[in-house]
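See structure below.
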Amino acid sequence: MRRLLKIFLFTFIIFIFTSCVKEKYDLSLNLEPGSIYSVEYKVESKFIQNIRGVHNEMNEEMEFKYKYTILSKVENKFKLRVVLEEFKVKRQSPNMSHEFTSESERTNLPPGSEILFSFLNKEIEMLIDRTGEVSEITGFEKINEELLETIKEKIKELPKEQQEQALSGFEKNLENNDMKERLSYTWNIYPDKPIALKEKYQIKYTTKGIIPLEIENNFELGEIKSDQYKLYINSNIKTISDKPAIDNASAQIYYDLQGTQMGYYYLDSKTRMITESQTEQKLEGEMKIKGAGYAVIPIVNETKIRVQIEKL
């Protein structure tokens, strides 16, 4: 009888212990060489300014279609080819309205549109590890060279001083847009260890660009199904630079913003490739202008991003 009681107690303890240990799930990338994906991004952005009580609003809608090809896998790193196949852009404000697509004639287009056309149907390759970190990227050098020649051709009739300003602005834009870093943001959702259901993990990083940001992403493994995982995201965002975003002879413009981002990601349970995601971001703060005078303008920026990825 005493022996049976010991066996019962031992079995009970093992049951309690095992029931308290949560199963962990590997969320790291496991891409399959030879796979091809169609990737669609949809971005809706609203920028609101209040200048001396006057409400000004600019709305922007952008759509991008890419093709991702998984070329190879070497020591837990994956080589991808990325090609921009189509895009649509629509912008509207009280003083401006324009719309163009990848099929539009490349004449009388708004400033900045040439950058999109320069990437159209060009091959970019990147090396990414299982945590989503991009360690190498190739293909941008040639694109930037071609873009520079296009810009020189477009501004050759301008006075020399204006040409120099335009080229200086282009070079500064390249410095502020480290494409390896920007692509890393897209993939920067994967934890460096297995995660249990309802467990949370955090990923922090900073961005470059005209308005550098500090981003604290808080993820939670919210749902598990046979073919997919669902991650919830809740982020805190704020500007981090005391340098002017725009600095020229007439004025210096500074941004002081902070806000949040919320949304979700669906991952394929086998490859952990994103299949769908949706995030909403809201930043509020001030734009400070220093020049002949000084002005502080309240601003709000709201952005929705929807991504759908389908294996072909």
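For the reader, a short list of remarks on this structure follows.
- For segment 227-303, the number of Lys pairs with C-alpha atoms closer than 17 Å, counting only pairs eight or more positions apart or on separate chains, is 5.
- You can think of it this way: the chain between residue 104 and residue 76 has 6.0 nm of extra reach, that is 0.36 nm per residue less the Cα-Cα gap.
- From phi via Karplus (6.51, -1.76, 1.60), per-residue ³J(HN,Hα) for segment 236-244 in Hz, x at Gly/Pro: 10, 9, 7, 6, 10, 9, 9, 8, x
- Taking θ as phi - 60° and the Karplus parameters 6.51, -1.76 and 1.60, the scalar couplings of segment 149-159 work out to 5, 4, 5, 4, 5, 6, 9, 5, 8, 6, x Hz in sequence order, x denoting glycine and proline.
- Part-to-part distance (alpha-carbon centres) for segment 37-100 and segment 235-312, which is given in Å: 13
- Cα-centre dipole for the chain with unit charges at Cβ (Lys and Arg positive, Asp and Glu negative), debye to 20: 1540
- Inter-label distance for residue 251 and residue 294, nm, one decimal - labels placed 7 Å from Cα along Cα-to-Cβ: 1.6
- For segment 212-312, the list of trypsin sites (Lys or Arg not before Pro) that fall in a loop by DSSP and count at most 16 other C-beta atoms within 10 angstrom reads 225, 270.
- A crude spin-label estimate for the pair residue 58 and residue 306, with each label 7 Å from Cα along the Cβ direction, gives 2.4 nm.
- Charge-dipole axis of the chain as Lys and Arg at +1 and Asp and Glu at -1 on Cβ define it, positive-most pick from 224, 135, 262: 224
- Database remark: amide H of residue 245 closer than 5 angstrom to the amide H of 253, 254, 255 (H placed geometrically; neighbours at sequence offset of 5 or more, or on other chains; Pro and chain starts carry no H).
- For segment 30-40, Karplus couplings with θ = phi - 60° (6.51, -1.76, 1.60), whole Hz, Gly/Pro x: 9, 5, 9, x, x, 6, 10, 10, 9, 10, 10
- Calculated SAXS-style log₁₀ I(q)/I(0) at q = 0.12, 0.13, 0.14, 0.15 Å⁻¹ - the chain, Debye, Cα scatterers: -0.97, -1.12, -1.27, -1.43
- Charge sum, other residues only, whose C-beta stays under 11 Å from residue 75's C-beta, Lys/Arg counted +1 and Asp/Glu -1: +2
- Amide H within-cut-off set for residue 276, under 5 Å, with H built and near neighbours excluded: 266, 309
Every read-out reported here was derived from the displayed coordinates using simple, explicitly stated rules and does not represent laboratory data. Owing to the predicted nature of the structure, the values given are computational and were not obtained by experimental measurement. So basically every Cβ, Gly included, is an ideal-geometry build from the backbone, and we count neighbours across all protein chains shown.
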